[in-house]
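What follows is a short report on a single structure.
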Amino acid sequence: MAGPWFRKGQAHYRTYRSVSFETPYRSEPRSIPPQLEFFPLAQLRLRPGTRFAAAERVNLQYLLNMPTDSLLFAWRALAKLPQPAGAVPLRSGWEHPGSELRGHFLGHWLSAAAFAWASGGGDALRAKMEGVVAALAECAVALGGYLSAFPSSHLERFERIEPVWAPYYCIDKVMQGLVDQHAVAGSTLAFQVRSELALCIRNTR
């Protein structure tokens, strides 16, 4: 368990004993041909005039309207990078500056933006995504490869079974967002940043 209400003294531990079972298979399992194949989203378009196409437009506009500098505010603050003029942090829900979950929303945004762009989001969304990934890369360089909106001490607290609110959940969100930026939107920079972050996390544990 983790989170603001967790107390180490109230933790319960169980010891499990592993039992080895002999496998009934003596050879390599035969390969099974795939039954489904993915196709690029660029090959799919929603029919104009339908409620699905209307919802897609609303989603795209939401992604475009999200203030880039607000999305990145906590990340730049941790990396001690200068904030653009007029930049303000996100202040709602789990993203407010004092939240230990701050930053996870950007991972969701990266994933959503990648799929929206592949579905025909256009050049404006592409430019916005590239700007966000480039800014994250700058933060990662400043932090020596680590990348988050909260300090790595949150991970250390988790490993010591001390109160902290889901740092690996937040890391997973941004890593998945970077994966989607690479796999769906073709960003080699996103792949590089994600790989360096993975090395940092492995060394932390």
- request: Please enumerate the residues belonging to region 62-72 that are part of a helix (DSSP H, G or I), surrounded by 10 or more Cβ atoms within 10 Å (Cβ to Cβ) and free of Cβ contacts under 8 Å to residues at least 24 places away in the same chain.
  value: 62, 69, 70
message: Taking the conditions exactly as written (within 17 Å of the chain's Cα centre (by Cα), surrounded by 13 or more Cβ atoms within 10 Å (Cβ to Cβ), in contact (Cβ under 8 Å) with a residue 12 or more places away in the chain and within 27 Å of residue 58 (Cβ to Cβ)), does residue 135 satisfy them or not?
response: yes
message: Just checking, does region 79-94 include any residue being among the aromatic types (Phe, Trp, Tyr), over 13 Å from residue 147 (Cα atoms) and touching a Gly at 6+ places or on another chain (Cβ under 8 Å)?
response: no
field: Residue check for residue 111: of a type in the set (Ser, Thr, Tyr) and within 11 Å of residue 63 (Cα to Cα)
entry: yes
- prompt: Can you tell me which residues in region 84-94 are part of a helix (DSSP H, G or I) and either touching an Asp or Glu at 6+ places or on another chain (Cβ under 9 Å) or closer than 10 Å to residue 70 by Cα (or both)?
  reply: 94
query: Quick one: residue 144 ticks every box in (1) without any contact (Cβ under 8 Å) to a residue 60 or more places away in the chain; (2) at positive phi; (3) buried (at least 17 other Cβ atoms within 10 Å of the Cβ) bar one, so which box is it?
result: (3)
field: Residue that is surrounded by fewer than 19 Cβ atoms within 10 Å (Cβ to Cβ) and in contact (Cβ under 8 Å) with a residue 24 or more places away in the chain, where the choices are 104, 108, 96
entry: 108
query: Residue check: is residue 45 surrounded by 10 or more Cβ atoms within 10 Å (Cβ to Cβ) and either at pLDDT below 90 or not in a helix (DSSP H, G or I) (or both)?
result: yes
Those residues of region 96-145 which are acidic (Asp, Glu) and part of a helix (DSSP H, G or I), in sequence order: 123, 130, 138
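Yes or no, residue by residue, for (1) crowded, with 21+ Cβ neighbours inside 10 Å; (2) part of a helix (DSSP H, G or I); (3) acidic (Asp, Glu):
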site: 148; (1), (2), (3): yes, no, no
site: 156; (1), (2), (3): no, yes, yes
site: 164; (1), (2), (3): yes, no, no
site: 178; (1), (2), (3): yes, yes, no
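The values are calculated or read from the model by the stated rules, or taken from the named source; none is laboratory data. Not measured: the values here are computed from a predicted model. All Cβ positions, glycine included, derive from the backbone under ideal geometry; neighbour counts span all protein chains shown.
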